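S.K.: Below is one structure. I have some questions about it.
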Amino acid sequence: MNKELNVSNLEQRDQTAASERAQDHVQHDRLQSVIAELATFGGRSDGGVSRETLTDPDLQARRYLIDLARSRGCSVTIDDCANLFFRRPGTSDLPPVLTGSHADTQPVGGKLDGAYGVLAGLEVIAALNDAGIKTLRPVEVVAWTNEEGCRFGPGAMGSSAFVDPSCLPAYRNSVDAKGVRFGDALELALEAVPDVPRRPMAEPMSACVELHIEQGPVLERALVPLGVVTGIQSVRWYRIQVTGTAGHAGTMPMDERVDAMAAAVGLAQQLYAYQAVEAGEKLRLTLGRWQVSPNSINTIPGAVEFTVDVRSVDEQVLVQFEAALKQITQAYSWAGKIEFESIFSRPPTHFPAAMLALIERACTRASSRASLAAPLRMTSGAFHDAMYLAEHCPTAMIFVPSKGGVSHNAAEETAPQELFLGVQALAYAVTSLANA
Ligand code: GLV
Ligand code: MN
Ligand code: MN
């Protein structure tokens with residue numbers, strides 16, 4: 001046998017041993033306590049969390065994360081989109097391995113969507129510290145800005161701007177329901193952390209792994225604790241603006257009204273009918289946000305704006321939906337106006353095979369040591385920051401089950417043991433990548 005091969009086998013064995021030791025140093029109780037602590041920022045009496053991006057609770061949560069990361073020996077930096085990076089140095093200055101997720105929530109969200117991935121990354125750092133492991137590459141944990149997209153559209157702003165900084169100027173002009181510009185909220189967030197140095201965007205990363213709750217019922221129904229995410233389904237968002245004429249609810253005859261709500265409800269019925277009749281389960285349709293003006297019990301609505309969220313694993317289904325949406329809005333016959341605007345569109349994401357193989361190994365070791373079922377390969381129904389990172393470096397995701405498939409809801413929950421196994425799998429994958 002030649003000597004070089006022996007050396008590389010030895011190195012391979014050392015690296016596997018390091019990945020296993022990192023996995024074995026993940027601590028269940030330490031993870032649970034930071035999940036509970038982070039959930040107090042925007043915490044609700046029903047157990048949920050209201051921490052929309054760049055609100056006061058989000059800024060306080062960011063400070064908590066900065067302090068936590070520093071207490072685990074990380075240096076902290078922030079970029080122009082207020083993405084926060086927590087870095088554990090490597091023995092080289094090679095491009096880092098990135099993990100993490102987002103810390104913002106839906107208007108009413110749970111403790112885990114996003115927060116789990118950020119805290120899992122910081123638990124991996126703690127496990128590496130405890131195991132005394134030096135990695136070749138730095139490990140960076142990121143908390144992306146505005147993944148949810150509910151306060152300022154579109155979603156995944158921070159990760160998309162990181163990958164393509166030319167997006168940021170347009171994002172700055174995005175306005176929330178109260179008229180606040182994203183750009184202004186961003187400046188306040190940056191000013192709130194004068195102790196955190198600025199870093200460039202689009203910096204090279206060697207690989208990225210995002211750990212997240214599934215937010216759907218697949219793993220729970222299969223009785224499988226860990227999912228190897230093969231990709232993310234496509235998504236499109238639209239804003240529909242219906243403009244009629246406001247008027248008196250008691251005096252205006254029904255046949256003389258230009259009632260924006262009547263038209264909006266008519267459009268909504270046609271969209272639901274299209275989904276049920278033409279597309280079925282291939283298309284998921286959500287009309288999630290409605291704004292009615294003047295929103296008064298005794299005034300005929302003069303304007304209604306509503307949003308459309310459509311998802312499919314098959315992008316052609318969304319192409320056909322968009323054609324139907326155009327046709328339905330143009331053909332609607334009434335005296336008012338209907339406009340529609342596309343605000344977000346992503347094709348499906350497919351993660352690379354080599355990353356899936358590593359994630360599968362990492363998950364298999366964690367679940368088999370717990371005597372639980374082998375990991376399942378699956379597509380993500382939700383979108384994630386990883387879909388943009390996949391354009392930047394080899395990327396993958398790990399899922400843990402969501403009880404009842406419930407998410408974007410205060411009742412979102414995952415069994416503590418499954419949360420622990422997810423971080424174990426992440427520790428193995430990140431350590432392997434950081435030594436490659
Ligand atoms: C992310 O929150 C999504 O809507 O998929
Ligand atoms: Mn999320
Ligand atoms: Mn979410």
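S.K.: Between Ala222, Ala207, Ala202, Ala177, which is closer than 21 Å to Met387 by Cα, aliphatic (A, V, I, L, M) and surrounded by fewer than 14 Cβ atoms within 10 Å (Cβ to Cβ)?
M.R.: Ala202
S.K.: Moving on. In the range 376-401, how many residues are open to solvent by 20 Å² or more (accessible area, probe 1.4 Å), under 22 Å from Cys167 (Cβ atoms) and within 16 Å of ligand 1 (Cβ to nearest atom)?
M.R.: Counting residues in the range 376-401 that are open to solvent by 20 Å² or more (accessible area, probe 1.4 Å), under 22 Å from Cys167 (Cβ atoms) and within 16 Å of ligand 1 (Cβ to nearest atom) gives 3.
S.K.: If you check Ala382, Ala373, Ala357, which single one turns out to be out of contact with any Lys or Arg (no Cβ under 6 Å at 6 or more places or on another chain), farther than 15 Å from Leu219 by Cα and small (Gly, Ala, Ser)? Don't jump to the end; show me each part of the working.
M.R.: Numbers: Ala382 fails: farther than 15 Å from Leu219 by Cα; Ala373 fails: farther than 15 Å from Leu219 by Cα.
Being out of contact with any Lys or Arg (no Cβ under 6 Å at 6 or more places or on another chain), farther than 15 Å from Leu219 by Cα and small (Gly, Ala, Ser) holds for just one of Ala382, Ala373, Ala357, which is Ala357.
S.K.: Would you be able to tell me the number of residues in the range 333-344 that are touching a helix residue (DSSP H, G or I) at 6+ places or on another chain (Cβ under 9 Å) and surrounded by 15 or more Cβ atoms within 10 Å (Cβ to Cβ)?
M.R.: 4
S.K.: Could you figure out which of (1) more than 16 Å from ligand 2 (Cβ to nearest atom); (2) open to solvent by less than 70 Å² (accessible area, probe 1.4 Å); (3) out of contact with any Phe, Trp or Tyr (no Cβ under 8 Å at 6 or more places or on another chain) isn't true of Val313?
M.R.: (2)
S.K.: Right, Asp113: away from ligand 2 (no atom under 14 Å from the Cβ) and part of a loop (DSSP other than H, G, I, E, B) or not? First the steps, then the outcome.
M.R.: Numbers: away from ligand 2 (no atom under 14 Å from the Cβ): no; part of a loop (DSSP other than H, G, I, E, B): yes.
Answer is no for this residue.
S.K.: Still on this structure, please answer the following. Would you confirm whether any residue within the range 415-432 is within 16 Å of ligand 3 (Cβ to nearest atom) and either open to solvent by 40 Å² or more (accessible area, probe 1.4 Å) or touching a residue at least 24 places away in the same chain (Cβ under 8 Å) (or both)?
M.R.: No - not one qualifying residue is present in the range 415-432.
S.K.: Now for a separate question. Which of the residues belonging to the range 355-375 are open to solvent by less than 30 Å² (accessible area, probe 1.4 Å) and in contact with a strand residue (DSSP E or B) (Cβ under 9 Å, 6 or more places away or on another chain)?
M.R.: Passing the criteria: Met355, Leu356, Leu358, Ile359, Ala362, Cys363, Pro375.
S.K.: Could you please let me know if Leu168 is in contact with an Asp or Glu (Cβ under 7 Å, 6 or more places away or on another chain) and either away from ligand 1 (no atom under 16 Å from the Cβ) or at pLDDT below 95 (or both)?
M.R.: Details: in contact with an Asp or Glu (Cβ under 7 Å, 6 or more places away or on another chain): yes; either away from ligand 1 (no atom under 16 Å from the Cβ) or at pLDDT below 95 (or both): yes.
Here the answer is yes, as Leu168 does meet what is asked.
S.K.: Hey, among Lys326, Lys282, which residue is without any contact (Cβ under 8 Å) to a residue 40 or more places away in the chain, touching a helix residue (DSSP H, G or I) at 6+ places or on another chain (Cβ under 6 Å) and open to solvent by 50 Å² or more (accessible area, probe 1.4 Å)?
M.R.: It is Lys282.
S.K.: Take the conditions away from ligand 2 (no atom under 14 Å from the Cβ) and polar (S, T, N, Q) and apply them to Asn129. Does it pass?
M.R.: Numbers: away from ligand 2 (no atom under 14 Å from the Cβ): yes; polar (S, T, N, Q): yes.
So Asn129 fits the description; yes.
S.K.: So which of Ala192, Ala207, Ala177 is in the same structural domain as Ala415 (by TED's automatic domain parsing) and either within 20 Å of the chain's Cα centre (by Cα) or within 16 Å of ligand 1 (Cβ to nearest atom) (or both)?
M.R.: Within the list Ala192, Ala207, Ala177, the selection yields Ala207.
The values are calculated or read from the model by the stated rules, or taken from the named source; none is laboratory data. Since this is a predicted model, take the numbers as computed values, not measurements. Heads up, the Cβs are rebuilt from the backbone with ideal geometry, glycines too, and the neighbour counts pull from every protein chain shown. In case anyone asks, the SASA skips ligands and DNA or RNA and just uses the protein heavy atoms, side chains included. Shrake-Rupley method; radii C 1.70, N 1.55, O 1.52, S 1.80 Å.
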